[in-house]
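Below you'll find the structure, written out as structure tokens, and then a few comments.
The values are calculated or read from the model by the stated rules, or taken from the named source; none is laboratory data. Computed from a predicted structure; not experimentally measured. Counting neighbours? That spans all protein chains shown, and the Cβs are built from the backbone with ideal geometry, glycine included. Accessible surface areas use protein heavy atoms only, side chains included; no ligands, DNA or RNA. Shrake-Rupley method; radii C 1.70, N 1.55, O 1.52, S 1.80 Å.
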Amino acid sequence: MSDTTLPYPKLATMRDVNAFRDHCLKSGISLPCDDTLQDCTTSSLALPLTIAGNKLSNRFAIQPMEGWDANADGTPSEQTMRRWQRFGSSGAKLIWGGEAVAVRPEGRANPNQLLLNAHTQTGVAHLRETLLHAHKEATGEADAPYIGLQLTHSGRWCRPNRKDLTEPKIAHHHPILDSRQKLAPDFPLITDGELRELVGEYAKAAHLASDIGFDFVDIKHCHGYLLHELLGAHTRPGDYGGIFENRTRFLKETVQAIRSLAPRLTIGVRLSAFDLISFKPDASQGGRGVPDLLESNPPYLYGFGVSQTDSTQYDLTETFLFFDLLSELGIPLVNVTAGSPYYNPHIQRPAYYPPSDGYLPPEDPLIGVARQMEVCRTLKQRYPHIALVGSAFTYLQDFLPYVAQAVVREDWVDFVGLGRMVLSYPELPLDLLNTGTLQKKKVCRTFSDCTTAPRNGMISGCYPLDPYYKSRPEHATLLALKRAKRER
């Protein structure tokens, strides 16, 4: 479908920051945005911040992204090494894991996701060393970035073998998602016993990460994966479902287990701080996304951070309770994101162009950016002692620096998280810090090829803008796939 049917403009057509600000004003989109960029001596993006006793000299963070190009045994491939090398050369001082790393084989989201175990430990250690070397080479600085490793189990979205075969481990029954995945009403839940065993797997992986030299681990609670789904397991019986205390039991037990085995490690959490009901393409609206509403009346008991009376709206009541718990547990670092790439990607990663299995955005993607940033602002005001990484910056494109500088200066967020952007343009942080300019030809335009490719069995990367991927045979396959979809 042609993008000319969308009623909101592409950011690339806006001539300057004034045009961007005018569009936000006319559209009722609240985003702080500076008129000019400051130099590296005065910019908020160059202000130091101390995390768990470690002084970080800038406010850029590299976000974790799900990798699709490790070897079948979970060790890093040449493509994995290249990506981590580019993360290091970005100059960002906070590296949030590089990508999601599974704690057990059956918990992988795809057959080429990284694993951390005794067999893969040496390869993962080499990834970290590669990143550190690239960072020092690019910056000339002796102070290393603060590097974490995101630990995950994909739960409902496990695909450890064939890419087209889901092998889910679900925390609770979800009437919409179960139907999409063709799961029977009696499909078994992951048991309490399995969850207790999994606590130990997280702790073992954290111990290995500590031995390698990682500074922190992330106990991932986002994007519909297992631990995020546990947070919404209102209807689950047993020790890990129902009341809030039970739905957060896994986090509490895992923190305790990690601190017992790896006491020097800092612990962080990446959290989908809010959610909405799942969306689906509507043919009558040209493929635009619409809420996949339940036929039954409220309450909606299948999510976290979503209103039980209106599932198209978020509710931060339990998000505040979760942050209260993080404070009690002494978690100093939280990466704030939203929703899921599987059932409401426009909430999670605003984009003008959807991936092949997605839908056209039902709103101006800037609304999605502003929604995430406003939630970050609310959380930062309420929990000033927790360092927050913000998400959804990539869609801002040429105007990312102006908004990033403003939201950090105004204490909406502590770190500017960069995900898709660094696949096409890893040098962005150093360019902004050193020269205050962007290389516009490298700026991610959210074509979503980095999602479409792996969803169709190809390795992950930026095919439109990175010459390495543009020259690979997968690029021609990807173009043919997109062409066929447009012609249908």
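Listing for the model above:
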quantity: Selection within the stretch 53-109 - over 16 Å from the mean Cα position of the chain (by Cα) and either in a strand (DSSP E or B) or at positive phi (or both); calculated: G53, N54, K55, L56, G74, G91
quantity: In the stretch 110-122, the residues that are assigned to a loop (DSSP other than H, G, I, E, B) and either buried (at least 24 other Cβ atoms within 10 Å of the Cβ) or of a type in the set (S, T, N, Q) (or both); calculated: N110, N112, Q113, L114, L116, N117, T120
quantity: Per-region count, the stretch 117-165, residues over 20 Å from the mean Cα position of the chain (by Cα), closer than 30 Å to Y342 by Cβ and hydroxyl-bearing (S, T, Y); calculated: 1
quantity: When residues of the stretch 176-186 are limited to those that are of a type outside the set (K, R) and open to solvent by 60 Å² or more (accessible area, probe 1.4 Å), the one nearest to W157 (Cα to Cα); calculated: S179
quantity: Failed criterion for G303 (all others in (1) open to solvent by less than 20 Å² (accessible area, probe 1.4 Å); (2) modelled with pLDDT under 95 hold); calculated: (2)
quantity: Considering residues of the stretch 409-425 that are more than 28 Å from M81 (Cβ to Cβ) and within 19 Å of the chain's Cα centre (by Cα) only, the residue surrounded by the fewest Cβ atoms within 10 Å (Cβ to Cβ); calculated: W412
quantity: Residues (open to solvent by 30 Å² or more (accessible area, probe 1.4 Å) and aliphatic (A, V, I, L, M)) located in the stretch 239-255; calculated: I243
quantity: Matching residues in the stretch 372-401 - criterion: being surrounded by fewer than 21 Cβ atoms within 10 Å (Cβ to Cβ) and in contact (Cβ under 8 Å) with a residue 40 or more places away in the chain; calculated: E374, T378, R382, Y383, H385, I386, Q397, D398
quantity: Helices (runs of 4 or more DSSP H) fully within the stretch 350-456 counting 1 or more residues that are of a type outside the set (A, V, I, L, M, F, W, C) and farther than 16 Å from D466 by Cβ; calculated: 365-382, 400-409, 428-434, 449-455
quantity: Breaking point among (1) surrounded by 13 or more Cβ atoms within 10 Å (Cβ to Cβ); (2) part of a helix (DSSP H, G or I), for A12; calculated: (1)
quantity: Which listed residue, of L316, L325, L276, is in contact (Cβ under 8 Å) with a residue 24 or more places away in the chain, open to solvent by less than 40 Å² (accessible area, probe 1.4 Å), more than 28 Å from L478 (Cα to Cα) and under 18 Å from the mean Cα position of the chain (by Cα); calculated: L276
quantity: Output for the stretch 24-33, where each listed residue is touching a residue at least 24 places away in the same chain (Cβ under 8 Å) and open to solvent by 20 Å² or more (accessible area, probe 1.4 Å); calculated: S27, S30, L31
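Okay, residues lined up against (1) within 24 Å of L177 (Cβ to Cβ); (2) open to solvent by less than 60 Å² (accessible area, probe 1.4 Å); (3) at pLDDT 95 or above; (4) among the aliphatic types (A, V, I, L, M):
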{"residue": "A257", "(1), (2), (3), (4)": "no, yes, yes, yes"}
{"residue": "S260", "(1), (2), (3), (4)": "no, no, yes, no"}
{"residue": "V269", "(1), (2), (3), (4)": "yes, yes, yes, yes"}
{"residue": "N297", "(1), (2), (3), (4)": "yes, no, no, no"}
